[in-house]
Amino acid sequence: MKQCTHADALPHPEPKPLDETCPECLRDGTNPVQLRLCLTCGHVGCCDSSPGRHATEHHAQSGHPVMRTFEPGEDWRWCFVDHVLV
């Protein structure tokens, strides 16, 4: 079973969200489907079901490896690099 090699290097405590919603969606005039929080810097981006896929775009541009859901009542993390739930 593949494991994440990046979770141990995440900052503690996790960063505060920089926004309440996806700023790129606001800029583009689109609606985010689900929100994700970058656990390296606090960027809030939309999921891959959203038109802009801004959380994945943030990972591609920044190299930040792990995000978590930013949805109320959900509690999971995803490593973009290792392609596993953390």
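The values are calculated or read from the model by the stated rules, or taken from the named source; none is laboratory data. If you're wondering where the values come from, they're calculated on a predicted model, not measured in any experiment. Positions of Cβ are backbone-derived with ideal geometry, glycine not excepted, and every protein chain shown enters the neighbour counts. For the accessible areas, the whole protein counts, side chains as well, though only heavy atoms, and no ligand, DNA or RNA atoms are used. Shrake-Rupley method; radii C 1.70, N 1.55, O 1.52, S 1.80 Å.
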List, in order, the whole-Hz ³J(HN,Hα) value for each residue of the stretch 29-39 obtained from phi through the Karplus relation with A = 6.51, B = -1.76, C = 1.60 and θ = phi - 60°; use x for Gly and Pro. x, 10, 9, x, 7, 9, 10, 10, 10, 6, 8
Anyone know which of His12, His54, His43 comes out most mobile in the 10 Å Cα GNM of the chain? His12
Leaving ligands, DNA and RNA out of it, rank Ser49, Ser62 by accessible area with a 1.4 Å probe, largest first. Ser49, Ser62
Counting helices only, and only those DSSP H runs with n ≥ 4, report the 222 nm mean residue ellipticity of the chain as the sum of -39,500 (n - 2.57) divided by its residues, in deg cm²/dmol to the nearest 500. -4500 deg cm²/dmol
Apply the Karplus curve 6.51 cos²θ - 1.76 cosθ + 1.60, θ = phi - 60°, to the phi angles in the stretch 74-79 and return the couplings in whole Hz, x for Gly and Pro. 10, 8, 8, 10, 9, 9
Simple SL model, points at 7 angstrom along Cα→Cβ for Leu18 and Thr30; separation in nm is 1.8
Could you give me the ³J(HN,Hα) list for the stretch 12-28, computed from phi with Karplus coefficients 6.51, -1.76, 1.60 and θ = phi - 60°, whole Hz, x at Gly and Pro? 10, x, 5, x, 6, x, 6, 9, 8, 8, 6, x, 5, 5, 4, 4, 7
